[in-house]
Amino acid sequence: MTSHTEAEIASQPASWRRAVRDIPAGALPAPGERVAVVGCGTSWFIAMAYAALRERAGQGETDAFTASEFPAGRAYDRVLALTRSGTTTEVLELLAATASRTTAITADPDTPVMRAADEVIVLDYADERSVVQTRFATTQLALLRASLGEDLGQAVADAERALSAPLPAEPVAAEQLSFLGTGWSIGLAQEAALKMREASRSWTEAYPAMEYRHGPISIAGPGRVTWMLGTAPEGLREQVEATGGTFFTSGLDPMAELVLAQRVAVARAVARGLDPDVPMHLTRSVILSS
């Protein structure tokens, strides 16, 4: 029987196409605005990716923070909050406290974030039944990438390939996985590692690719995989392989590479007798008592 997580992973190309078609006018950060993007868990990592992409596109200074660590004294033209559930305590408290203009992206129109933010973008078609977040995270990133003027045609095609290709044997069987990225894919590397932890309780880590040599490569070795999202720094593959470890990359758009990592996370969960829809010790949203 197909899990909710598997079905949601498989639906991502269609959700991305819809997001690209339905970019809301006026609600997202305008060119030149100084922006803070905030979220918790997966949403923080998507915030990191968008912040790097927006600055690369020359649209203005953009910082990413987990909501609980937002620097309260710093001035921004807009705070963009990413929250699938619309109920996360730290995000709602930040929206209530900031004097900046606020926009939220959520999946559920019947939650407190609808009143907490000045403007709200609802991607209800990308909502999920699984606790593990896959489709909503990448769909909001597809929307944000398209809003920066990116053509996502190749990313969608790559995602379809990531869904149809046989699963790579080494990451499925690995004792340990380290995910690497550069620029905007650093956030996606963090997210890939989180999916492995959530769905399959795997030992995973994530780093900027150039930093991997500065210590973390010490854990590379036989039975362990270093997984690159995006283009690897020169010589890194050879250094990893010299340890006896496996260096893996598919060459896909990093967002599509994340889709492949999601599939591997589910496969590892099933192999361990775990339910990827219901990860241990987690709920859909963290709501703290007052």
Go through (1) open to solvent by less than 10 Å² (accessible area, probe 1.4 Å); (2) part of a loop (DSSP other than H, G, I, E, B) and name the single condition residue 225 misses.
(2)
Any hit, segment 229-244, residues being charged (D, E, K, R) and crowded, with 24+ Cβ neighbours inside 10 Å:
no
Of all residues in segment 234-262, how many are touching an Asp or Glu at 6+ places or on another chain (Cβ under 9 Å) and free of Cβ contacts under 8 Å to residues at least 12 places away in the same chain?
1
Residues (open to solvent by 30 Å² or more (accessible area, probe 1.4 Å) and not acidic (Asp, Glu)) located in segment 33-43
34, 40, 41
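Quick one: how many residues across segment 18-46 are in a helix (DSSP H, G or I) and over 25 Å from residue 277 (Cβ atoms)?
Of the residues in segment 18-46, 2 are in a helix (DSSP H, G or I) and over 25 Å from residue 277 (Cβ atoms).
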Given (1) closer than 28 Å to residue 208 by Cβ; (2) among the hydrophobic types (A, V, I, L, M, F, W, C); (3) in contact with a helix residue (DSSP H, G or I) (Cβ under 8 Å, 6 or more places away or on another chain); (4) open to solvent by 30 Å² or more (accessible area, probe 1.4 Å), identify the lone condition not met by residue 46.
(4)
Unmet criterion (only one of (1) aliphatic (A, V, I, L, M); (2) in contact with a strand residue (DSSP E or B) (Cβ under 8 Å, 6 or more places away or on another chain); (3) outside any strand (DSSP E or B)) for residue 14
(2)
Residue check, residue 201 against (1) open to solvent by 40 Å² or more (accessible area, probe 1.4 Å); (2) touching a Phe, Trp or Tyr at 6+ places or on another chain (Cβ under 9 Å); (3) charged (D, E, K, R); (4) closer than 17 Å to residue 42 by Cα, all met but one. Which one?
(2)
List the residue pairs whose Cβ atoms are under 7 Å apart, where the first residue sits in segment 105-125 and is open to solvent by less than 10 Å² (accessible area, probe 1.4 Å), the second is among the acidic types (Asp, Glu) and in a loop (DSSP other than H, G, I, E, B), and the two are 6 or more positions apart or on different chains.
107/127
Output for segment 129-144, where each listed residue is open to solvent by less than 10 Å² (accessible area, probe 1.4 Å) and of a type outside the set (Gly, Ala, Ser)
132, 134, 136, 138, 139, 140, 141, 143, 144
Out of segment 234-265, which residues are hydroxyl-bearing (Ser, Thr, Tyr) and in a loop (DSSP other than H, G, I, E, B)?
243, 249, 250
Can residue 231 be described as touching a residue at least 24 places away in the same chain (Cβ under 8 Å), assigned to a strand (DSSP E or B) and farther than 30 Å from residue 25 by Cβ?
no
Among the numbered criteria (1) among the polar types (S, T, N, Q); (2) over 16 Å from residue 257 (Cβ atoms); (3) surrounded by 14 or more Cβ atoms within 10 Å (Cβ to Cβ), which single criterion is violated by residue 218?
(3)
Taking segment 173-197 and keeping residues surrounded by fewer than 24 Cβ atoms within 10 Å (Cβ to Cβ), out of contact with any Phe, Trp or Tyr (no Cβ under 9 Å at 6 or more places or on another chain) and within 26 Å of residue 142 (Cα to Cα) leaves 182, 183
Residues of segment 155-170 being buried (at least 22 other Cβ atoms within 10 Å of the Cβ) and either out of contact with any Phe, Trp or Tyr (no Cβ under 8 Å at 6 or more places or on another chain) or under 21 Å from residue 274 (Cβ atoms) (or both), which ones?
158, 162
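The values are calculated or read from the model by the stated rules, or taken from the named source; none is laboratory data. Quick caveat: nothing in here was measured; it's all calculated off a predicted structure. Every residue, glycine among them, receives a Cβ derived from its backbone with ideal geometry; neighbour counts consider all protein chains shown. Surface areas here come from the heavy atoms of the whole protein model, side chains and all, with no ligands, DNA or RNA. Shrake-Rupley method; radii C 1.70, N 1.55, O 1.52, S 1.80 Å.
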